[in-house]
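In what follows, a single structure is set out as structure tokens and then discussed.
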Amino acid sequence: MSDHEQQQAAPRRGKVLEALERAERKVFTRPAPKSAKAQMKFLLTRAKGSTTALAERLGVSRRTVERYRAGKLTTPQKRLQAVLVEETESEWQPQVRAQARAQASTSRGMMVEVTAYFGFTCTGSSDDGRERQITTDISPFYVKQILALQEAGATEEDLHPIVAEAITESYFTEWGTRADGLRADFTAVSKISFRF
């Protein structure tokens, strides 16, 4: 299988992982480079000037990288444009991103807004499962676990239980003050966003 076919076969990132990445990008203090030339120049600095390494990372030829850097090519195809934006934003302002993650996992926590199907298990009675739209704070304890899983390369399915547990703790049981023993699981996530 060629590199191009492997890139095409790569699974799409899940909604929770994408929401975490969007939340990190909202804390940027300066906008990331927008033009293909500026993005290439930035990514080359991150690749320590290696056009070969950057070409492999982007899935293009070394010559293509050189042409964009020199300004001979200016309008990338859709796939390359998406990769350039993704790679640039994933490398942009790492200290700002790290500071926001550290504050969220130690003191501030995070806000989550989710629309998903929530099902329940409980000792006693509970509402039947249904789609709900919930906005609630997540404590630093859970934020730390979620971010650690994300950094370890967790899949969407790995993140769902911990996010559901965090929402249960803050929203459904109100930090342990009611509905003792309730456990909520969510599936069919139609919308989710986080705020640091």
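Only protein heavy atoms count here; under a 1.4 Å probe, K191 has an accessible surface of about 90 Å².
For the chain, the longest principal axis of the C-alpha atoms and the axis of helix 15-25 are separated by about 60°.
Which length gain, in nm to one decimal place, applies between W175 and T29 when the Cα-Cα distance is subtracted from 0.36 nm times their residue separation? Provide the component values of the computation, followed by the final result.
Working: separation 146, 0.36 × 146 = 52.56 nm, distance 3.32 nm.
Working it through step by step, the gained length comes to 49.2 nm.
Please go through the residue pairs K26/K144; K41/K78; K26/K72; K37/K191; K48/K144; K48/K191 and name each one whose alpha carbons sit more than 29 Å apart in this structure.
On the way: K26/K144 19 Å; K41/K78 19 Å; K26/K72 32 Å; K37/K191 34 Å; K48/K144 31 Å; K48/K191 38 Å.
Long pairs (Cα-Cα over 29 Å): K26/K72; K37/K191; K48/K144; K48/K191.
For the chain, the average shadow cast by the Cα convex hull is 13.0 nm², which is a quarter of the hull's surface. For the range 63-107, what log10 I(q)/I(0) values come out of the Debye formula at q = 0.34 1/Å, with one point per alpha carbon and no solvent? Result of the Debye calculation: -1.10.
Under Stokes-Einstein, with the Kirkwood radius over Cα pairs standing in for Rh, what whole-number D in µm²/s applies to the range 89-196 at 10 °C and 1.306 mPa s? Diffusion coefficient, whole number: 108 µm²/s. When shorter helices are ignored and each DSSP H run of at least 4 residues is given -39500 (n - 2.57), the per-residue value for the chain at 222 nm works out to -14500 deg cm²/dmol.
If we sort 83-90, 46-53 on the protection proxy, mean other Cβ atoms within 10 Å, highest first, what's the order?
Details: 83-90: 17.8, 46-53: 13.9.
The most tightly packed comes first, giving 83-90, 46-53.
Determine, from the Cβ-Cβ distance of F141 and A53 and an R0 of 41 Å, the FRET efficiency 1/(1 + (r/R0)^6), rounded to the nearest 0.05. Don't jump to the answer; show the numbers that get you there.
On the way: r = 38 Å, r/R0 = 0.94.
Efficiency, rounded to the nearest 0.05: 0.60.
The values are calculated or read from the model by the stated rules, or taken from the named source; none is laboratory data. Since this is a predicted model, take the numbers as computed values, not measurements. Ideal geometry is used to build each Cβ from the backbone, glycine not excepted, and the neighbour counts take in all protein chains shown. Just the protein is used for accessible areas: all its heavy atoms, side chains included, with ligands, DNA and RNA removed. Shrake-Rupley method; radii C 1.70, N 1.55, O 1.52, S 1.80 Å.
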